[in-house]
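Undergrad: Have a look at this one.
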Amino acid sequence: MVRSGNPALKQSTFLDLSSGAVVARDAGAMTLSGTVNKTGLLLLLTVLTAAFAWSQSIVTGADGQAAIAQGVAGYMIGGAIGGFILALITIFKKTWAPITAPLYALVEGFFLGSISAMYEFRFNGIVFQAVLLTFGTLFALLFAYRSGLIRATENFKLGVAAATGGIFLVYLATMILGFFNVNIPFIHESGLVGIGFSLFVVVIAALNLVLDFDFIENGIEQGAPKYMEWYGAFGLMVTLVWLYIEFLRLLSKLQSRN
C-alpha cells in the first residue's frame, strides 16, 4: 500500500491500471538518477519563466519609484489556471508526463514569478527567505529520510494524507465563501491564530515531501516504466510549489506584525 497526500502521487500511480501490477516497459525502468535529473530540469524551466514574469511584474516610474505592473494579474491567473489544467492532464494521462510535466513547469513559473513579485513589492526580501526555507526544508527532509530519521510508516502516511485533505477543504471553503464576500476569521489573518495555522500548513506540506520520497523509491524498486521519472519529478514539483507558497504566506504574516 502506497499512500501520499499529494494528489499527483496516489496509491495507483505506479501501477499498470490494466493488470494492477507494475510493468517495466521496453524503453527501460524508472531510476533515481533519472528522476533527480528530470526534477532539476523542471526546476530550471520554472525559474526561467518565473524570472521573465518577475521582470514584467515590477516597473519603475518616472519618479524612480517601483510599482506593480498592471498586467501582473494576467501572468498570475493565467499561470495558475494553465498549471492546474496541465496538472490534471498529467495526473490522468501519466504516459504524457514527458511532455506535460515540462509544460507544467513553464506555465507554473509565470504564476510563481508574478505572485513572488507582488509579495516582494510589499515585503522586501521575503522571496529570498522563502526560497532558502523551501530548499533548506527539501534537503533537510531528504537527509532525514535517507538516514532513517524519518520513516514513512502507514500511520505516518495516513496522518499526513488526512491533514492534507483537511487543509484542502479549508482552502476550498475559503474560495467558495470568497465569492459571497464571506471570510473565514482568524486563520488568514496575521494574528497568532493565523500564524499558527500557516505554520501547521507548512509542516504538513513539508511532510508531504517525505511521502513523495517514499513513493518515488517504491516506484523505482518495483520497476516502474521510464516515463514515470517525469511523473515522479512532476509530483515532487507540485509539493515544492505548495511549500514555497505557504512559506510566503507564513513570512508575510510574520512581517505584517512588525
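The values are calculated or read from the model by the stated rules, or taken from the named source; none is laboratory data. Just so you know, these numbers come straight off a predicted model, no measurement behind them. As a convention, Cβ positions derive from the backbone with ideal geometry for all residues, glycine included, and neighbour counts pool all protein chains shown. Side chains are part of the model used for accessible areas, which takes the heavy atoms of the whole protein and leaves out ligands, DNA and RNA. Shrake-Rupley method; radii C 1.70, N 1.55, O 1.52, S 1.80 Å.
Undergrad: Accessible area per residue of the chain at 1.4 Å probe, in Å²?
TA: On a per-residue basis, the chain sits at 51 Å².
Undergrad: Any idea what Rg and Dmax come out to for the chain if you just take the C-alpha atoms, in Å?
TA: 19.1, 66
Undergrad: With springs only between Cα atoms under 10 Å apart, run a GNM on the chain and tell me which of THR100, THR174, THR35 wobbles the most.
TA: Looking only at THR100, THR174, THR35, the largest GNM fluctuation is found for THR174.
Undergrad: Additional query: Could you work out how much longer the chain between ALA73 and ALA144 gets when fully extended? Use 0.36 nm per residue separation minus the Cα distance between them, nm to one decimal.
TA: Between ALA73 and ALA144, full extension yields an extra 21.7 nm.
Undergrad: To the nearest µm²/s, what D does Stokes-Einstein give for the stretch 181-227 at 4 °C and 1.567 mPa s, using the Kirkwood radius over alpha carbon pairs as Rh?
TA: Translational diffusion coefficient: 97 µm²/s.
Undergrad: Using a 1.4 angstrom probe and counting only protein chains, how large is the accessible area of GLU154 in Å², to 10?
TA: 80 Å²
Undergrad: Who wins for biggest fluctuation among LEU106, LEU236, LEU32 in a Gaussian network model of the chain, springs between alpha carbons below 10 Å?
TA: Of LEU106, LEU236, LEU32, the Gaussian network model singles out LEU32 as fluctuating most.
Undergrad: Work out how much length LEU132 to GLN255 would gain on full extension: take 0.36 nm times their residue separation and subtract the Cα-Cα distance, in nm to one decimal.
TA: Full extension of this stretch gives 42.6 nm more.
Undergrad: Please return the longest range in the chain lying between exposed loop sites, taking chymotrypsin sites (Phe, Trp or Tyr not before Pro), DSSP loop only, at most 13 other beta-carbon atoms within 10 Å, and leaving the sites out.
TA: 1-178
Undergrad: Keeping every protein chain in place, order ILE91, ILE176 by accessible area at 1.4 Å, biggest value first, i.e. largest first.
TA: From most exposed to least exposed: ILE176, ILE91.
Undergrad: In the stretch 32-256, what is the count of Lys pairs whose alpha carbons are under 26 Å apart, counting only pairs at least 8 residues apart or on separate chains?
TA: Number of lysine pairs found: 9.
Undergrad: Could you pull out every whole DSSP H run in the chain that spans at least 15 Å of Cα extent along its own axis and averages 1.6 or higher on the Kyte-Doolittle scale?
TA: 72-92, 126-147, 192-221
Undergrad: Looking at the chain, which longest stretch skips every one of the trypsin sites (Lys or Arg not before Pro) that is in a DSSP loop with at most 12 other Cβ atoms within 10 Å, leaving the sites themselves out?
TA: 152-256
Undergrad: Same structure, new question: If I build a Gaussian network model for the chain, linking alpha-carbon pairs within less than 10 angstrom, which residue out of ALA233, ALA224, ALA173 has the largest mean-square fluctuation?
TA: Per the Cα network of the chain with a 10 Å cutoff, ALA173 tops the list.
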